[in-house]
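Novice: Let me give you the structure first, and then I'll get to my questions.
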Amino acid sequence: VAFAADQSWNVDRTAAKTFDSRFDPALYGDKNRSIAEMINVLEPLTDLMPTQEMNEKIFRSRLIPKRGERIYLNPTPWYQVIDICDAAYQIFNKAAPRNNSTDIVYLKLTVDEYAYMAKSRMAVLAAADFYRQACLLQKTDRQASHGLVVEAMQKLQDTRLRLDRIKTTFCHLWLLENRIYWLDHNLEMFSQKEIALGQALQYLSAALRD
(Lines give C-alpha, C1' and ligand atoms only; values in the text may rest on other atoms or scores of the structure.)
Protein backbone atom coordinates (compact mmCIF):
# COMPACT_ATOMS: atom_id res chain seq x y z
CA VAL A 1 0.00 0.00 0.00
CA ALA A 2 2.77 2.43 0.96
CA PHE A 3 4.72 1.55 -2.19
CA ALA A 4 1.67 2.10 -4.41
CA ALA A 5 1.02 5.46 -2.77
CA ASP A 6 4.65 6.45 -3.22
CA GLN A 7 4.59 5.50 -6.89
CA SER A 8 1.43 7.47 -7.52
CA TRP A 9 3.43 10.58 -6.66
CA ASN A 10 6.85 9.46 -7.88
CA VAL A 11 6.66 7.40 -11.04
CA ASP A 12 10.32 7.47 -12.05
CA ARG A 13 12.58 4.45 -11.53
CA THR A 14 14.84 6.30 -9.11
CA ALA A 15 11.99 6.68 -6.64
CA ALA A 16 11.31 2.92 -6.76
CA LYS A 17 14.95 2.13 -6.05
CA THR A 18 15.10 4.48 -3.06
CA PHE A 19 11.74 3.47 -1.58
CA ASP A 20 13.20 1.25 1.15
CA SER A 21 15.53 4.00 2.34
CA ARG A 22 12.60 6.42 2.63
CA PHE A 23 9.95 4.05 4.01
CA ASP A 24 11.04 3.77 7.67
CA PRO A 25 12.07 7.42 8.20
CA ALA A 26 8.79 8.65 6.68
CA LEU A 27 6.33 6.28 8.38
CA TYR A 28 8.16 5.37 11.57
CA GLY A 29 10.87 7.94 12.15
CA ASP A 30 13.36 5.06 12.22
CA LYS A 31 16.65 5.79 10.49
CA ASN A 32 17.67 2.13 10.88
CA ARG A 33 15.20 1.17 8.11
CA SER A 34 14.45 -1.94 10.15
CA ILE A 35 10.83 -2.53 9.17
CA ALA A 36 11.49 -2.30 5.44
CA GLU A 37 14.42 -4.66 5.91
CA MET A 38 12.28 -7.09 7.91
CA ILE A 39 9.56 -7.12 5.26
CA ASN A 40 12.16 -7.85 2.59
CA VAL A 41 13.59 -10.69 4.69
CA LEU A 42 10.12 -12.23 5.06
CA GLU A 43 9.27 -11.93 1.36
CA PRO A 44 10.83 -15.33 0.38
CA LEU A 45 8.09 -16.99 2.45
CA THR A 46 5.75 -16.25 -0.46
CA ASP A 47 7.72 -18.64 -2.68
CA LEU A 48 8.19 -21.58 -0.30
CA MET A 49 5.73 -24.40 -0.84
CA PRO A 50 4.25 -24.63 2.70
CA THR A 51 3.93 -20.83 3.12
CA GLN A 52 3.12 -19.94 -0.48
CA GLU A 53 1.58 -16.49 -0.89
CA MET A 54 1.71 -16.05 2.90
CA ASN A 55 -2.03 -16.62 3.26
CA GLU A 56 -3.70 -18.01 6.36
CA LYS A 57 -4.30 -21.47 4.87
CA ILE A 58 -1.20 -22.90 6.56
CA PHE A 59 -2.38 -21.68 9.96
CA ARG A 60 -5.62 -23.57 9.55
CA SER A 61 -4.01 -26.80 8.36
CA ARG A 62 -3.90 -29.82 10.63
CA LEU A 63 -0.76 -30.14 12.77
CA ILE A 64 -1.39 -33.69 14.07
CA PRO A 65 -3.36 -36.29 12.08
CA LYS A 66 -6.49 -37.86 13.47
CA ARG A 67 -6.26 -41.50 14.47
CA GLY A 68 -6.00 -43.60 11.33
CA GLU A 69 -4.99 -40.63 9.17
CA ARG A 70 -1.59 -39.69 7.79
CA ILE A 71 0.08 -36.36 7.18
CA TYR A 72 3.09 -36.26 4.88
CA LEU A 73 5.65 -33.65 5.84
CA ASN A 74 8.75 -32.48 4.01
CA PRO A 75 10.87 -30.80 6.70
CA THR A 76 13.32 -29.11 4.30
CA PRO A 77 11.26 -25.98 3.48
CA TRP A 78 10.26 -25.68 7.12
CA TYR A 79 13.91 -25.39 8.11
CA GLN A 80 14.11 -22.55 5.57
CA VAL A 81 11.13 -20.90 7.29
CA ILE A 82 12.96 -21.10 10.61
CA ASP A 83 16.07 -19.49 9.09
CA ILE A 84 13.98 -16.66 7.62
CA CYS A 85 12.23 -16.05 10.94
CA ASP A 86 15.53 -16.06 12.83
CA ALA A 87 16.86 -13.39 10.44
CA ALA A 88 13.71 -11.33 10.98
CA TYR A 89 14.07 -11.55 14.78
CA GLN A 90 17.61 -10.17 14.55
CA ILE A 91 16.33 -7.15 12.63
CA PHE A 92 13.43 -6.71 15.05
CA ASN A 93 15.89 -6.31 17.93
CA LYS A 94 17.43 -3.20 16.37
CA ALA A 95 14.17 -1.53 15.28
CA ALA A 96 13.47 1.81 16.95
CA PRO A 97 10.25 3.29 15.54
CA ARG A 98 9.21 6.66 16.93
CA ASN A 99 5.85 6.71 15.16
CA ASN A 100 3.24 4.01 14.59
CA SER A 101 5.25 1.73 16.88
CA THR A 102 2.37 -0.75 17.24
CA ASP A 103 2.96 -1.83 13.63
CA ILE A 104 6.15 -3.61 14.58
CA VAL A 105 4.29 -5.55 17.29
CA TYR A 106 1.90 -6.83 14.62
CA LEU A 107 4.83 -7.66 12.38
CA LYS A 108 6.54 -9.58 15.16
CA LEU A 109 3.34 -11.58 15.73
CA THR A 110 3.44 -12.54 12.05
CA VAL A 111 7.02 -13.77 12.47
CA ASP A 112 6.04 -15.61 15.68
CA GLU A 113 3.23 -17.41 13.88
CA TYR A 114 5.42 -18.56 11.00
CA ALA A 115 8.18 -19.62 13.39
CA TYR A 116 5.61 -21.57 15.39
CA MET A 117 4.24 -23.30 12.32
CA ALA A 118 7.73 -24.50 11.48
CA LYS A 119 8.99 -25.36 14.95
CA SER A 120 5.76 -27.08 15.99
CA ARG A 121 6.10 -29.44 13.05
CA MET A 122 9.68 -30.22 14.01
CA ALA A 123 8.50 -30.85 17.58
CA VAL A 124 5.74 -33.20 16.44
CA LEU A 125 8.23 -35.12 14.28
CA ALA A 126 10.62 -35.39 17.24
CA ALA A 127 7.81 -36.54 19.55
CA ALA A 128 6.72 -39.17 17.04
CA ASP A 129 10.29 -40.46 16.79
CA PHE A 130 10.63 -40.62 20.58
CA TYR A 131 7.42 -42.64 20.73
CA ARG A 132 8.59 -44.94 17.92
CA GLN A 133 11.79 -45.66 19.84
CA ALA A 134 9.78 -46.22 23.03
CA CYS A 135 7.64 -48.84 21.29
CA LEU A 136 10.75 -50.69 20.11
CA LEU A 137 12.15 -50.79 23.65
CA GLN A 138 8.89 -51.52 25.45
CA LYS A 139 9.57 -55.23 25.96
CA THR A 140 13.33 -55.10 26.49
CA ASP A 141 13.92 -51.89 28.47
CA ARG A 142 10.81 -50.54 30.18
CA GLN A 143 12.67 -47.74 31.96
CA ALA A 144 14.21 -46.38 28.77
CA SER A 145 10.88 -46.75 26.99
CA HIS A 146 9.17 -44.79 29.76
CA GLY A 147 11.78 -42.03 29.53
CA LEU A 148 11.29 -41.66 25.78
CA VAL A 149 7.53 -41.28 26.20
CA VAL A 150 8.16 -38.56 28.78
CA GLU A 151 10.44 -36.77 26.29
CA ALA A 152 7.73 -36.99 23.64
CA MET A 153 5.22 -35.48 26.06
CA GLN A 154 7.62 -32.65 26.90
CA LYS A 155 7.96 -31.76 23.22
CA LEU A 156 4.18 -31.50 22.85
CA GLN A 157 3.72 -29.63 26.13
CA ASP A 158 6.28 -27.02 25.08
CA THR A 159 4.53 -26.73 21.73
CA ARG A 160 1.19 -26.14 23.42
CA LEU A 161 2.66 -23.48 25.73
CA ARG A 162 4.11 -21.58 22.75
CA LEU A 163 0.71 -21.78 21.06
CA ASP A 164 -0.95 -20.32 24.17
CA ARG A 165 1.45 -17.37 24.17
CA ILE A 166 0.81 -16.61 20.50
CA LYS A 167 -2.96 -16.93 21.01
CA THR A 168 -2.86 -14.45 23.91
CA THR A 169 -0.93 -11.91 21.82
CA PHE A 170 -3.23 -12.47 18.84
CA CYS A 171 -6.35 -11.79 20.95
CA HIS A 172 -4.84 -8.64 22.44
CA LEU A 173 -3.85 -7.19 19.07
CA TRP A 174 -7.08 -8.24 17.39
CA LEU A 175 -9.18 -6.35 19.94
CA LEU A 176 -7.09 -3.22 19.45
CA GLU A 177 -8.13 -2.99 15.80
CA ASN A 178 -11.25 -5.13 15.28
CA ARG A 179 -14.63 -6.01 16.72
CA ILE A 180 -14.97 -8.96 19.06
CA TYR A 181 -17.68 -10.83 17.11
CA TRP A 182 -15.25 -12.14 14.42
CA LEU A 183 -12.58 -13.13 16.94
CA ASP A 184 -14.18 -16.54 17.58
CA HIS A 185 -13.87 -17.43 13.90
CA ASN A 186 -10.17 -16.62 13.88
CA LEU A 187 -9.54 -18.50 17.11
CA GLU A 188 -10.63 -21.73 15.41
CA MET A 189 -7.13 -22.11 13.97
CA PHE A 190 -5.82 -22.15 17.54
CA SER A 191 -8.51 -24.37 19.08
CA GLN A 192 -8.05 -27.07 16.44
CA LYS A 193 -4.36 -27.35 17.36
CA GLU A 194 -5.09 -27.14 21.09
CA ILE A 195 -7.49 -30.08 20.83
CA ALA A 196 -5.09 -32.15 18.72
CA LEU A 197 -2.15 -31.53 21.07
CA GLY A 198 -4.33 -32.28 24.10
CA GLN A 199 -5.49 -35.59 22.63
CA ALA A 200 -1.94 -36.60 21.71
CA LEU A 201 -0.81 -35.87 25.26
CA GLN A 202 -3.67 -37.98 26.62
CA TYR A 203 -2.61 -40.91 24.42
CA LEU A 204 0.99 -40.59 25.61
CA SER A 205 -0.09 -40.34 29.22
CA ALA A 206 -2.13 -43.53 28.79
CA ALA A 207 0.92 -45.22 27.27
CA LEU A 208 2.86 -44.49 30.45
CA ARG A 209 0.28 -46.39 32.48
CA ASP A 210 0.30 -49.47 30.24
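Novice: Is region 67-77 home to any residue that is open to solvent by less than 20 Å² (accessible area, probe 1.4 Å) and in contact (Cβ under 8 Å) with a residue 40 or more places away in the chain?
Specialist: Among the residues of region 67-77, not one is open to solvent by less than 20 Å² (accessible area, probe 1.4 Å) and in contact (Cβ under 8 Å) with a residue 40 or more places away in the chain, which makes the answer no.
Novice: Out of the residues in region 1-32 that are outside any helix (DSSP H, G or I), open to solvent by less than 70 Å² (accessible area, probe 1.4 Å) and out of contact with any helix residue (DSSP H, G or I) (no Cβ under 6 Å at 6 or more places or on another chain), state the one that is modelled with the highest pLDDT.
Specialist: Going through the qualifying residues, I end up with GLY29.
Novice: Evaluate the following for ILE35: is it surrounded by 12 or more Cβ atoms within 10 Å (Cβ to Cβ), at pLDDT 85 or above, in a helix (DSSP H, G or I) and not charged (D, E, K, R)?
Specialist: Answer is no for this residue.
Novice: Are there any pairs, at least 6 apart or on different chains, whose C-beta atoms fall under 8 Å, with the first in region 46-66 and charged (D, E, K, R) and the second open to solvent by 50 Å² or more (accessible area, probe 1.4 Å) and part of a loop (DSSP other than H, G, I, E, B), and if so, which?
Specialist: Filtered contacts from region 46-66: ARG62/ILE71.
Novice: Which of the residues that make up region 144-161 are closer than 15 Å to ARG209 by Cβ and open to solvent by 60 Å² or more (accessible area, probe 1.4 Å)?
Specialist: Of everything in region 144-161, those that are closer than 15 Å to ARG209 by Cβ and open to solvent by 60 Å² or more (accessible area, probe 1.4 Å) turn out to be HIS146, VAL150.
Novice: Go through region 78-120 residue by residue and tally those that are of a type in the set (Gly, Ala, Ser), surrounded by 18 or more Cβ atoms within 10 Å (Cβ to Cβ) and part of a helix (DSSP H, G or I).
Specialist: Looking only at that region, the number is 4.
Novice: Checking LEU48 against (1) modelled with pLDDT under 90; (2) open to solvent by less than 60 Å² (accessible area, probe 1.4 Å); (3) more than 30 Å from TYR203 (Cα to Cα): exactly one of these is not met. Which one?
Specialist: (1)
Novice: Same structure, new question: Could you tell me which numbered condition LEU187 fails, if it satisfies all but one of (1) open to solvent by less than 20 Å² (accessible area, probe 1.4 Å); (2) within 23 Å of VAL105 (Cβ to Cβ)?
Specialist: Condition (1) is where LEU187 drops out.
Novice: Only one of (1) modelled with pLDDT under 90; (2) assigned to a helix (DSSP H, G or I); (3) exposed (fewer than 12 other Cβ atoms within 10 Å of the Cβ) fails for ILE58. Which number is that?
Specialist: (3)
The values are calculated or read from the model by the stated rules, or taken from the named source; none is laboratory data. Computed from a prediction, not measured in an experiment: that's the story for all the values here. Positions of Cβ are generated from backbone atoms using ideal geometry, with glycine treated the same way; all protein chains shown enter the neighbour counts. For the accessible areas, the whole protein counts, side chains as well, though only heavy atoms, and no ligand, DNA or RNA atoms are used. Shrake-Rupley method; radii C 1.70, N 1.55, O 1.52, S 1.80 Å.
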